[in-house]
Amino acid sequence: MSRFKRVLIVLGSVVTVLVLAVGGLFAWLWTGADVSTVGKASFDNALAIPPLAESSVDKDGTRVFDLRMRAGETEFEAGRKTPTWGFNGSYLGPTLRAARGERVRVRITNGLDEASGVHWHGMHLPARMDGGPHQMIHPGGTWTPHWTVDQPAATLWYHPHPHGSTEQHVRKGLAGMFILDDQRSTKLSLPKRYGVDDLPVIVQDVRFDGAKLDGGRKIMQNVGFLGDRTMVNGTLRPYREVRDELIRLRLLNASTARTYAFGFPDGRALSLIATDGGLLERPESMERVQLSPGERAEIVVRMRAGERVMLRSFPQDNYGDSWQRRFGGGDDSFDVLELRAARKLRPSPEIPTGLGELETPDGTDAVRGRYFDLKRSGINGRSMGMGRVDETVTRGTTEVWTVRNSNGMPHNFHVHDVQFRVLEVNGEAPPPALRGPKDTVFLPNGTTMKLALRFTGPADPDTPYMYHCHLLYHEDEGMMGQFVVVEKGQRAQAPSGGGGTLGHSGHQHG
Ligand SMILES: [Cu+2]
């Protein structure tokens, strides 16, 4: 054999070994990247139900709540104490509840050793009561926002919104539900006994590092932190005994980055009755409901006597290409909550075929459009600036916002203060799950949505509301912008304390 041939053979072998090694490494990463807890553990912990927050009624009729943010320890597993944060307790917070037309006031004390805040996700309220990054509460400080509830019955929630550290504050446990009622929802024959046939279901994914909650991102996880198991209301492997034929689940995705597709293993249909901002026009029957971080859905499930059925999160088609599905969590599946039906179930009345009319605008009276390009580096090419107002909208007007994600990874889009209507998804009418009032929508790569939003005020040219990606890692990185609501002809002012300059559209007249 010639020397040349021998060199070729050696080179060929080296290349082959390299290719095999790289291929093997990739195969190892690929096959190890999806997570499943399906069928892996028995669900033997009774589901915790967050208590309804106590409140008092002031002389002027205002309903007053007290929330204290504090650090503590939580035993997610018996005998293992995990450092956590919570409202009025060591993890999560009580469920606040108020009715349309009521004046509410919440006294919030920050018992942590760092500044935080409380944002009322989904609530229509004045900008200075919104609890965004401009309304911080310093350690030991108290903030007392107040407003009048003026929107339909809905499942909303509250959580901190400090710029740059929202992910960490929510992941440590600062979140809770805020349920709104109205005359229509009170009269409808829907399951409505809190903790009995109407269950709060706050879903979060977690990973433990010994006793501690781990927040690290793994290789190629560009959506943010993804846990390897889920909890409901802070309970690992939860089950709930139910005694009624129909069970209403108020699903809240309070995870920082993970999107779920909820359904049942036997393929039974669920009835979707409400989205983020309240009831649909009519119940919609479906097998799965997809929720990205911050979104809510109310579903009604029919139980059979004596059965056990698992609420599960399934792999998602609507998540992006196979790479994003595999490394971004879209291929993952979780057993979430086991419902155990009693041997004898109380009969439930049929749910109504009509639930009422939507109050969200249909866009026909829109006075202008705006365009939002979602990129991890910022929205419309700009990273969040506390002192810059990006958009100025006129009180009392309707607008159509076009939101586009071509960033190669999943994002979502949340707008403070308003409930909007989805007009179009990639040029088509929205699917049933997107026809109700929404404040947060999921946009996998390659999605364009048209939204109709009405801004009813009050005007406040000095204080901005936020719009942002609710994948909290992205939000913290700067995937957020600010808008103010002004009276016609008024100009936006630089937010006090922000120290920056007004953005381009901040100079436009309303
Ligand atoms: Cu994002």
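The values are calculated or read from the model by the stated rules, or taken from the named source; none is laboratory data. No experiment lies behind these values; they were computed from the predicted model shown. A quick note on method: Cβ atoms are made from the backbone with ideal geometry, for glycine too, and the neighbour counts reach across all protein chains shown.
Observations on the model:
- Test result for Val104, among the aliphatic types (A, V, I, L, M), in contact (Cβ under 8 Å) with a residue 24 or more places away in the chain and more than 19 Å from Val170 (Cα to Cα): yes
- For the condition hydrophobic (A, V, I, L, M, F, W, C) and over 26 Å from Gly176 (Cβ atoms), Ala254 does not qualify.
- Considering Leu252, Leu280, Leu226, the condition of being touching a residue at least 12 places away in the same chain (Cβ under 8 Å), crowded, with 24+ Cβ neighbours inside 10 Å and under 19 Å from the mean Cα position of the chain (by Cα) is satisfied by Leu252 alone.
- Some residue of segment 421-437 being in a strand (DSSP E or B), among the β-branched types (Val, Ile, Thr), surrounded by 19 or more Cβ atoms within 10 Å (Cβ to Cβ) and within 12 Å of the ligand (Cβ to nearest atom): no
- Total residues in segment 474-491, condition within 11 Å of the ligand (Cβ to nearest atom) and either without any contact (Cβ under 8 Å) to a residue 60 or more places away in the chain or surrounded by fewer than 24 Cβ atoms within 10 Å (Cβ to Cβ) (or both): 3
- Qualifying residue in segment 310-320 (condition: more than 16 Å from the ligand (Cβ to nearest atom) and without any contact (Cβ under 8 Å) to a residue 24 or more places away in the chain): yes
- Some residue of segment 227-237 being within 16 Å of the ligand (Cβ to nearest atom) and under 29 Å from Pro444 (Cβ atoms): no
- Condition met for Glu338 (in contact with a Pro (Cβ under 8 Å, 6 or more places away or on another chain), surrounded by fewer than 22 Cβ atoms within 10 Å (Cβ to Cβ) and more than 20 Å from Asp228 (Cα to Cα)): no
- Residue match in segment 351-365 (condition: within 16 Å of the ligand (Cβ to nearest atom) and either under 24 Å from Pro265 (Cβ atoms) or surrounded by 15 or more Cβ atoms within 10 Å (Cβ to Cβ) (or both)): no
- Test: residue in segment 196-214 that is surrounded by fewer than 15 Cβ atoms within 10 Å (Cβ to Cβ) and out of contact with any Lys or Arg (no Cβ under 9 Å at 6 or more places or on another chain): yes
- Subset tally (residues that are within 16 Å of the ligand (Cβ to nearest atom) and on the phi < 0 side of the Ramachandran plot) for segment 382-415: 15
- The sole residue among Leu443, Leu471 that is over 21 Å from Thr155 (Cβ atoms), within 16 Å of the ligand (Cβ to nearest atom), touching a residue at least 40 places away in the same chain (Cβ under 8 Å) and under 18 Å from the mean Cα position of the chain (by Cα) is Leu443.
- Matching option when the condition is more than 16 Å from the ligand (Cβ to nearest atom) and outside any loop (DSSP other than H, G, I, E, B), among Pro265, Pro283: Pro283
- In segment 205-223, of all residues being more than 20 Å from the chain's Cα centre (by Cα), in a strand (DSSP E or B) and not hydrophobic (A, V, I, L, M, F, W, C), the one that is nearest to Tyr91 (Cα to Cα) corresponds to Lys212.
- Taking the criterion of being more than 12 Å from the ligand (Cβ to nearest atom) and more than 18 Å from Met449 (Cβ to Cβ), the residues of segment 366-381 that qualify are Val367, Gly381.
- Summed over segment 295-326, residues that are among the acidic types (Asp, Glu) and crowded, with 20+ Cβ neighbours inside 10 Å total 2.
- Filtering Leu311, Leu272, Leu252 for residues that are closer than 19 Å to His470 by Cα, part of a strand (DSSP E or B) and among the aliphatic types (A, V, I, L, M) leaves a single hit, Leu252.
- Candidate set: segment 80-117, residues that are among the small types (Gly, Ala, Ser) and over 24 Å from the mean Cα position of the chain (by Cα); chosen: the one surrounded by the most Cβ atoms within 10 Å (Cβ to Cβ): Gly111
- Meets criteria (at pLDDT 95 or above, crowded, with 22+ Cβ neighbours inside 10 Å and closer than 17 Å to Pro432 by Cα) for Ser292: yes
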